[in-house]
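Asks: So that we are looking at the same thing, I have put the structure below in structure tokens.
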Amino acid sequence: MFSVLFSPNILANNSRVFFLKKKFSKLSWEDIRNDYSLHEDFINLESGYYNIVPKPTLDSFYSHVNNLNIEGSYFMRNKMKDRSKIINKKLSKFLGCPEDELVVTRNTTESLDLIISGYPWKKNDHVIFAHQDYGSMKDMFYQVSKRYGINYDIVSIPNNPKDDQEIINIYKNKINDKTKMIFVSHMINITGQILPIKKICKMAHQHQVEVLVDGAHCVGHFSFKISDLGCDYYGSSLHKWLATPLGLGILYVAKKKISKIWPLLASNIKSDNDIMRFDHKGTNPFHNQMAIENALEYIDKIGLSRKESRLRDLHTYVKKKLKHNKKVYFNSPSDSERYCGILNLGIKKISPEKLEKILFDRYKIFTVSINEKGVKGCRVTPNVFTNYKELDIFISSINKITNEIS
């Protein structure tokens, strides 16, 4: 049974049949839902941590695992480098950036911490980041502050800014003559707010300040091109909204910035201007990386703009259905241009932790509680496999919970 399940020919043929069948037809949302193996015991409304992999991509991944295992060291020594270049070319085209400014990593944290730890800091250098930024990157800034004596200012981003300029000014007002970097989230992970990165980068560069962008939740979530943003560095995870297997991310470094960053692990690449200086990570599960091509094929079948619209519609649907419930509040922006798939809501008089537990224990709905950085609520992240029937169950559950509150 094992050999049949992982047979490279069977899996490869199944994958080819799938794509040939769907190549000239638009996948319906029901087709897409059927492409996922969903848990029968609960409704999954927590795709933010990890997007489970659709079956066509997963089948191809199993094939890669088996084929690489058959060829073993021969593949790693003779094929891996060329295959990596092909993958990088396709990925850079999808992301809208030059091939020689992009490298595959294992996750967003690795990508961004590589820049933070490898930056040529000097004593009293200054950096700006936000309370709402991801903890792992803030922890790295705290570490380099202790190590190199840099200073930092932590700002706070309102959930509902009046306009882009309000956000820009929050960062601008903290810049001083020692400021070297602004670290900013493209999409805030706890609320789903999309920040005006291009405008922030333009402002920062006018003050000779570099910009490091956390795009963990953006690649495969909504349409954008990295080169259009004007940032100096960009990191993201591919196992989130692009739905690759676990353990994949990307790092973008603008060409003129490559030479100034010290790699996390020493590399045999001699040129300081070669992005591949950041690629060395020892022997690694390359079959994961091979599945990037399949994930790109799958999202192409859906259509990224169409996926973005669907995710935003699911988000908006929940808001509209619950907007008249006075006991429910939203931590996500009200302006549809500032959000996409991620929604954060809470119920008055109920802690986020208790709400998460009630939703799962009583109604079998999986979410994640957020109770930090001024945000109190449950993060709700529907996906392309989510249908309106599931959201209606969630909405009904929220209404039932609020009806029990005196």
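The values are calculated or read from the model by the stated rules, or taken from the named source; none is laboratory data. These numbers were taken from a predicted model, which means no experiment stands behind them. Positions of Cβ are generated from backbone atoms using ideal geometry, with glycine treated the same way; all protein chains shown enter the neighbour counts.
Asks: So, in region 316-329, exactly how many residues are in a helix (DSSP H, G or I), touching a residue at least 24 places away in the same chain (Cβ under 8 Å) and surrounded by fewer than 21 Cβ atoms within 10 Å (Cβ to Cβ)?
Replies: Within region 316-329, the subset in a helix (DSSP H, G or I) is 316-322.
Restricting the remaining residues to those that are touching a residue at least 24 places away in the same chain (Cβ under 8 Å) gives 317-319, 321-322.
Those still in the list that are surrounded by fewer than 21 Cβ atoms within 10 Å (Cβ to Cβ) too: 317, 319, 321-322.
Total meeting the criteria: 4.
Asks: Before we move on, is Ser37 among the small types (Gly, Ala, Ser), under 23 Å from the mean Cα position of the chain (by Cα) and either at pLDDT below 95 or not assigned by TED's automatic domain parsing to the domain that holds Ile393 (or both)?
Replies: yes
Asks: Hey, could you check region 102-142 for residues that are basic (Lys, Arg) and not in a helix (DSSP H, G or I) and say which is nearest to Lys260 (Cα to Cα)?
Replies: That would be Lys122.
Asks: Looking only at residues in region 263-283 that are surrounded by fewer than 20 Cβ atoms within 10 Å (Cβ to Cβ) and in contact (Cβ under 8 Å) with a residue 24 or more places away in the chain, which one is farthest from Val53 (Cα to Cα)?
Replies: My answer is Asp274.
Asks: Looking for whichever is in contact (Cβ under 8 Å) with a residue 12 or more places away in the chain, touching an Asp or Glu at 6+ places or on another chain (Cβ under 9 Å) and among the charged types (D, E, K, R) here; the options are Lys79, Lys89, Lys93, Lys55. Which one fits?
Replies: Checking each option against the conditions leaves just Lys55.
Asks: Moving on to the next point. Within region 45-101, take every residue that is among the hydroxyl-bearing types (Ser, Thr, Tyr) and not in a loop (DSSP other than H, G, I, E, B) and give me the one that is surrounded by the most Cβ atoms within 10 Å (Cβ to Cβ).
Replies: Start the filter on region 45-101 by keeping residues that are among the hydroxyl-bearing types (Ser, Thr, Tyr), which leaves 47, 49-50, 57, 60, 62-63, 73-74, 84, 92.
Adding the requirement that they be not in a loop (DSSP other than H, G, I, E, B) leaves 57, 60, 62-63, 73-74, 84, 92.
Values: Thr57: 24, Ser60: 27, Tyr62: 21, Ser63: 24, Ser73: 7, Tyr74: 10, Ser84: 17, Ser92: 20.
In this case the residue turns out to be Ser60.
Asks: Ok, one more. Find all pairs meeting these conditions: Cβ atoms under 8 angstrom apart; at least six residues apart or on different chains; first residue within region 302-315 and at pLDDT 95 or above; second residue in a helix (DSSP H, G or I) and small (Gly, Ala, Ser).
Replies: Once the first residue is at pLDDT 95 or above and sits in region 302-315, its partners that are in a helix (DSSP H, G or I) and small (Gly, Ala, Ser) give Arg312/Ser336.
Asks: Which residues, counting only those in region 206-251, are outside any loop (DSSP other than H, G, I, E, B) and either without any contact (Cβ under 8 Å) to a residue 24 or more places away in the chain or within 22 Å of Gly341 (Cβ to Cβ) (or both)?
Replies: Gln206, Val213, Asp214, Ile226, Asp228, Leu229, Tyr234, Gly235, Ser236, Ser237, Gly249, Ile250
Asks: Taking into account only those residues within region 330-373 that are part of a loop (DSSP other than H, G, I, E, B) and farther than 25 Å from Asp313 by Cβ, which is modelled with the lowest pLDDT?
Replies: Step by step, filter region 330-373, then rank; the result is Lys373.
Asks: Lys146 is checked against (1) in a helix (DSSP H, G or I); (2) more than 29 Å from Leu242 (Cα to Cα); (3) in contact with a Lys or Arg (Cβ under 8 Å, 6 or more places away or on another chain) and fails just one. What number does that condition carry?
Replies: So Lys146 meets the others, but not (3).
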